[in-house]
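Heads up: the structure comes next, in structure tokens.
Read-outs: derived from the displayed coordinates by stated rules, not from any lab. Quick caveat, the model's predicted, so the values are computed rather than measured. Ideal geometry is used to build each Cβ from the backbone, glycine not excepted, and the neighbour counts take in all protein chains shown.
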């Protein structure tokens, strides 16, 4: 599948909006924060606003829909991408750099007795130890061993790695907002059919509770692909086009497969549109899925992708 990105070559950002609605009914449950609850705020025009899903959560969800839990591997179009797998001493798979919150900077990768990945990174990035960070060299190294981290963003905070100065901002970021929101009050009770008046502090007894959901005039998912950052990596052809294809595939797959954010927040896309640059048409998920395996094969042939690295994790 030949994807046409010529209209994006001079653009600093690719911006997309996805109009969303509850899959059933009108109510939905937004993300919540400790000591805050739902993030309600007033928009510039005085409109009641609500953060439905944060940038941090969306970044993780964009990865989750690309991972096949049953197979313990990428979904089919992404098979062959490098990552770091972490195994317990008994040989059981523990985690990997795709699913870890801090990707390559995971303590399960860099803080155990097995220092093989840390030593490899130290060797490849040693030129930055007492020099300015070489973004291109950092991007090349991350692309080789944990390609996905270039899109997700990465902070290698270990002092052994250039004093903890190695950072890559997110290329792909997203969040969901709701406009014109109103609270939908409800509640319920946890029933104890054996001892309704039991000690609720120990989990017994009937426990009534209050519940807040919301309705909204409009729910919008916003997606931002930093094209200028991708170009700044200076990666050889076809790595640049691959990263863009990978980012777009994540967006398409999330909108089609991953919008059940919570039990009471199941959304569906109504319309997806490109807002910058105007007039550019986003490829379909099917077209992107068809293009990805060929890109990965070409990257392997160009020796730009490593085989999966393995770490055996045990506490020091």
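I'd like to verify a number: residues in the range 297-316 that are in contact with a strand residue (DSSP E or B) (Cβ under 8 Å, 6 or more places away or on another chain), buried (at least 18 other Cβ atoms within 10 Å of the Cβ) and not in a loop (DSSP other than H, G, I, E, B), how many? Quick ask: steps written out before the conclusion?
Step one: filter the range 297-316 for residues in contact with a strand residue (DSSP E or B) (Cβ under 8 Å, 6 or more places away or on another chain), giving 308-313.
Adding the requirement that they be buried (at least 18 other Cβ atoms within 10 Å of the Cβ) leaves 309, 311, 313.
Imposing the further condition that a residue be not in a loop (DSSP other than H, G, I, E, B) reduces the set to 309, 311.
Count: 2.
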- request: Considering every residue within the range 254-262, establish whether at least one is surrounded by 14 or more Cβ atoms within 10 Å (Cβ to Cβ) and more than 21 Å from residue 67 (Cβ to Cβ).
  value: no
message: Considering only residues that are in contact with a strand residue (DSSP E or B) (Cβ under 6 Å, 6 or more places away or on another chain) and either free of Cβ contacts under 8 Å to residues at least 24 places away in the same chain or farther than 12 Å from residue 161 by Cα (or both), which ones fall in the range 105-133?
response: 108, 109, 114
- prompt: Does the range 161-195 hold any residues that are over 17 Å from the mean Cα position of the chain (by Cα) and assigned to a loop (DSSP other than H, G, I, E, B), and which are they?
  reply: 161, 165, 191, 192, 193, 194, 195
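Does residue 214 satisfy being surrounded by 14 or more Cβ atoms within 10 Å (Cβ to Cβ), in contact (Cβ under 8 Å) with a residue 24 or more places away in the chain and closer than 19 Å to residue 62 by Cβ?
Details: surrounded by 14 or more Cβ atoms within 10 Å (Cβ to Cβ): yes; in contact (Cβ under 8 Å) with a residue 24 or more places away in the chain: yes; closer than 19 Å to residue 62 by Cβ: no.
No, not satisfied.
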- prompt: Considering the range 66-95 alone, what residues qualify as being surrounded by fewer than 17 Cβ atoms within 10 Å (Cβ to Cβ), touching a strand residue (DSSP E or B) at 6+ places or on another chain (Cβ under 7 Å) and over 13 Å from residue 310 (Cβ atoms)?
  reply: 68, 72, 75, 79
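Residues to consider are 17, 63; find the one that is closer than 26 Å to residue 171 by Cβ and touching a strand residue (DSSP E or B) at 6+ places or on another chain (Cβ under 8 Å).
Details: 63 fails: touching a strand residue (DSSP E or B) at 6+ places or on another chain (Cβ under 8 Å).
From the options 17, 63, the qualifying one is 17.
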- request: Hey, could you check the range 281-296 for residues that are out of contact with any helix residue (DSSP H, G or I) (no Cβ under 7 Å at 6 or more places or on another chain) and part of a helix (DSSP H, G or I) and say which is surrounded by the fewest Cβ atoms within 10 Å (Cβ to Cβ)?
  value: 286
